[in-house]
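**Q** To start, I am sharing the structure in question, which I have written as structure tokens.
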Amino acid sequence: MEFIRRFLLPLSGRRRIPLEFADRRRRFHSHPQHFNRRKMDTVHSAGIAEIHNVPMSVIKRPIPSILDEKKVLSLIETIKQEETEDEVPPIDLLWITGSSGGNYFFSFGGCHRFEAYKRLNRETIKAKLVRSTLGDLYHYMGSSAPKHLE
């Protein structure tokens, strides 16, 4: 460790962070409360209250779903009954605005709910819209993500 600190770090241009600051930063990032708050604010819809009815036809699901048939059938029964349909939570959609103003909606979770609505031939599905960018989409899809959206 001494060799790295004395010879390699100066050559790399990286500065050594005093131990008291490094330790404080490590505690902050490893604490579950801070980690979850940061994650929810950046990608997920936990902080979003508004729910929309989004047309099924505009939602892109680029990753094939692996489904548990019993779960899908259970959701179908719940959605069919008017008094229990509201028990099914909305799906999260990444909402990306293209360079020409087009709206694109991508779904990566909620595969069982999506399939249940699809089998019931519903035209819309309840969803929370998470404002996103192509960079966010890249985190989910890697190099398969589109480079440009109109």
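The values are calculated or read from the model by the stated rules, or taken from the named source; none is laboratory data. It should be emphasised that the depicted structure is a prediction, and the values quoted were computed from it without experimental measurement. Quick reminder, even Gly has a Cβ in these numbers, built from the backbone with ideal geometry, and neighbours come from all protein chains shown. For accessibility, only protein heavy atoms count, side chains too; no ligands or nucleic acids. Shrake-Rupley method; radii C 1.70, N 1.55, O 1.52, S 1.80 Å.
**Q** Which of the residues spanning segment 85-115 are under 15 Å from ASN53 (Cβ atoms) and over 11 Å from the mean Cα position of the chain (by Cα)?
**A** GLU85, ASP86, VAL88, PRO89, PRO90, ASN103, PHE105, ARG113, PHE114
**Q** In this structure, is GLY102 out of contact with any Ser or Thr (no Cβ under 6 Å at 6 or more places or on another chain) and open to solvent by 20 Å² or more (accessible area, probe 1.4 Å)?
**A** yes
**Q** Out of segment 41-85, which residues are of a type in the set (Ser, Thr, Tyr) and open to solvent by less than 60 Å² (accessible area, probe 1.4 Å)?
**A** SER45, SER65, THR78, THR84 - these are the residues of segment 41-85 that are of a type in the set (Ser, Thr, Tyr) and open to solvent by less than 60 Å² (accessible area, probe 1.4 Å).
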